[in-house]
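K.L.:
Provided herewith is a single structure, encoded as structure tokens, for subsequent inquiry.
The values are calculated or read from the model by the stated rules, or taken from the named source; none is laboratory data. Note that the coordinates shown come from a computational prediction; the quantities given were computed from them, not determined experimentally. Cβ atoms come from the backbone with ideal geometry, glycine included; neighbour counts cover every protein chain shown.
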Amino acid sequence: MHSYLISGLHVSSELELPGATPEDAHVRPVDVSIRRSAVPMTLDGATASGPTWEMVGEMFLLRVPALARFGITAGCDIAVEIEPGATERDAASFVHGPAFGILLHQRGVLVLHGAAVAKDGRAIAICGPSGGGKSTLAAALCGNGCSFVTDDICVVGLDEHGQPIVLPDGKQLKLWKESIDQLNLADRQGEAVRKTVEKYYIDPFDARGQPSPLSAIYVLREARPPLKTGIGALALPDAMRMLDYEGYRPGLRAKIGQKPKRLAHTAAMLGHAKVFRLVRLRGFEHLQETVAALRAHWDSLDR
Amino acid sequence: MKTPSGIVWLASFPKSGSTWFRIFLANLRAGENAPADINNLDERSGIASDRNVFEAATMLDSSLLTYDEIDNLRPRVYAAIAAEEVGQRWIKVHDAYTLTPNGEAMFGSCAARAAVYLVRDPRDVAVSLAYHNNTTINDTIKGMNSPDNAVCQGRKGMVLQLRQKLLNWSGHVTSWLDQTDVPVHTLRYEDLLTDPLAYFSAALGFAETTATPAEIERAMRNAEFTKLQRQEIDKGFAERMSRTAPFFRSGRAGGWRDKLTTEQISCIEERHGPIMQRLGYELSTTPRSATANDRRAAL
């Protein structure tokens, strides 16, 4: 049995999760169990469904064809059935991403689709579309004195004072080969997320990511008309709308519900962390300019 | 008469006029007297290869999937979009009409009720595409002649769109025009230039999109090429790729005559002669492609 701390949850798993940092077992009560077991092909009486998923009540079925099926229940249990011919490692890469993201929605927590880095004990989140360069920018910031907190799934909790804190997802940053080469991180390149995909785990930049108070959220956009390069604050209504859109799988979140809890949570977060639109030129040749602009802006916030 | 619901593919090889057609549709939908802002179009259709649309439908992280695994899921993603659609939705597609590794049609009738296939003289496409991608015309022609031609398929990084198999130019054309699953209407870019009212109207008629002649004419005027150029000069255009050439650069037919060398013209016509002739594009050289073997090679 493997133990992990993922997005603030104590996880006990029969599957080894690649790229995840193990924690001491049996220290605390388990929040989430991940186990190998039979998972049905379909759910009886499904109330919502898509090409690869079905849900009914607190049960969610996720199918990755020819690879695995995941039964995700009540925010505390993930059953995994691996399809014939697929490997446990292939299946595990989907547990710690899509399946866990769905589980977090079942728990009604606030999940942003983004990476987070910290400096001097305070974090920023970087949100944006898939393929938009979030992880690459996070890696570049880590090469510039920041510490890595989370990648892709960014859970924002509230501490006992109602302050928003980013909870590390407990796994290593993942980067495409091109980013690894451009950022000179070949010496940190770990295993591929899957044998068939040229995306790799990156050995940690520093000690395990720590939960960190959230200073700001930057929504990444490409400098294309009418957007011009720069960093601008979003007014509250725009920030709310943007966060709704930048959440992890917003369509799913709407189906799973928990809207009042999420809205209250978002409002509490925005009381402490501003949302900015970071418009930058795309391409590795502009990456360091973006890092410099972001660092300068972030420094001005924390002063 | 009510416009029937469902997906209509707006399919084309890149740089064949689909953006112009989309802007026309956006103006038609907006129904305003003034031209729609090209950077804020009233459209919700997007492109079929949008990575975020795929992830929203499947709940999967596409970066964990291989291109073939993604392709196997795409027909189901489009069927799901179609099932939720209450109105008519035009979706742009640059992929060729291909089968997935599982043998399913990627853009089949389980998702779409019709397709409009926009085609442009490949000699003009070569010039336009080279400007668009900031590459040489020779490299562009090489891509247009290669049966393995695809975009967004770098294995070492990820972009906002999914991999799209284009095949070679002739293969792209025949993949859409010769399939019998989805009713398809062929629309030549050059005909749109010559008589936009007639040809926009015919395409809308085929898709059973309800619009009065006055509405079509107004949308057409708002989408005139010179007005699009004016907007791009004034405000830029979000879809422009090249840092040097504007997106709405020339737009005319036959510009290739001043831009292509004799060798480049031969290279295109030898490879695509039969399909060009089938579509009414006159060849300027005498191609060697008179034999059945050459015709097969062109496909």
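K.L.:
Considering only residues of the range A:159-215 that are touching a residue at least 24 places away in the same chain (Cβ under 8 Å), within 23 Å of A:Ile124 (Cα to Cα) and of a type in the set (Val, Ile, Thr), which is nearest to the other protein chains (Cβ to nearest Cβ)?
P.N.:
So, considering only residues that are touching a residue at least 24 places away in the same chain (Cβ under 8 Å), within 23 Å of A:Ile124 (Cα to Cα) and of a type in the set (Val, Ile, Thr), the one nearest to the other protein chains (Cβ to nearest Cβ) is A:Ile202.
K.L.:
Looking only at the range B:48-76, how many residues end up being at pLDDT 95 or above, within 11 Å of chain A (Cβ to nearest Cβ) and within 20 Å of B:Ser12 (Cα to Cα)?
P.N.:
Summing the residues that are at pLDDT 95 or above, within 11 Å of chain A (Cβ to nearest Cβ) and within 20 Å of B:Ser12 (Cα to Cα) in the range B:48-76 gives 2.
K.L.:
What about A:Val155, is it more than 30 Å from B:Asp37 (Cβ to Cβ), surrounded by 19 or more Cβ atoms within 10 Å (Cβ to Cβ) and without any contact (Cβ under 8 Å) to a residue 12 or more places away in the chain?
P.N.:
So A:Val155 fails the test.
K.L.:
Out of (1) touching a Lys or Arg at 6+ places or on another chain (Cβ under 9 Å); (2) more than 12 Å from chain B (Cβ to nearest Cβ); (3) surrounded by 15 or more Cβ atoms within 10 Å (Cβ to Cβ), what's the single condition that is false for A:Ala233?
P.N.:
That leaves (3) as the condition not met.
K.L.:
How about the range B:48-68: which of its residues are closer than 19 Å to B:Ala105 by Cα, more than 22 Å from the chain's Cα centre (by Cα) and buried (at least 20 other Cβ atoms within 10 Å of the Cβ)?
P.N.:
B:Ala57, B:Thr58
K.L.:
Out of (1) within 11 Å of chain A (Cβ to nearest Cβ); (2) in contact (Cβ under 8 Å) with a residue 60 or more places away in the chain, what's the single condition that is false for B:Glu85?
P.N.:
So B:Glu85 meets the others, but not (1).
K.L.:
Let me ask something else about it. So which residues in the range A:182-195 are out of contact with any Phe, Trp or Tyr (no Cβ under 6 Å at 6 or more places or on another chain) and surrounded by 14 or more Cβ atoms within 10 Å (Cβ to Cβ), if there are any at all?
P.N.:
Matches in the range A:182-195: A:Leu183, A:Leu185, A:Arg188, A:Val193, A:Arg194.
K.L.:
Count, please, the residues in the range A:287-298 that happen to be under 14 Å from A:Arg221 (Cα atoms) and either exposed (fewer than 14 other Cβ atoms within 10 Å of the Cβ) or in contact with a His (Cβ under 8 Å, 6 or more places away or on another chain) (or both).
P.N.:
Count: 0.
K.L.:
Still on this structure, please answer the following. Considering only residues that are at the interface with another protein chain (Cβ under 10 Å from one of its Cβ atoms) and either on the phi > 0 side of the Ramachandran plot or touching a His at 6+ places or on another chain (Cβ under 6 Å) (or both), which ones fall in the range A:25-77?
P.N.:
A:Ala66
K.L.:
Another one. Residue by residue through the range A:18-48, note down the ones that are surrounded by 14 or more Cβ atoms within 10 Å (Cβ to Cβ), among the hydroxyl-bearing types (Ser, Thr, Tyr) and assigned to a loop (DSSP other than H, G, I, E, B).
P.N.:
A:Thr21, the sole residue that qualifies.
K.L.:
What pairs can you find where one residue is in the range B:172-184 and over 20 Å from B:Asp121 (Cβ atoms), the other is in a helix (DSSP H, G or I), and their Cβ atoms are less than 9 Å apart, with a gap of 6+ or different chains?
P.N.:
B:Val182/B:Trp176; B:Pro183/B:Phe206
K.L.:
Same structure, new question: Within the range A:95-143, can you find the residues that are assigned to a loop (DSSP other than H, G, I, E, B) and within 14 Å of chain B (Cβ to nearest Cβ)?
P.N.:
A:Gly128, A:Pro129, A:Ser130, A:Gly131, A:Gly132, A:Gly133
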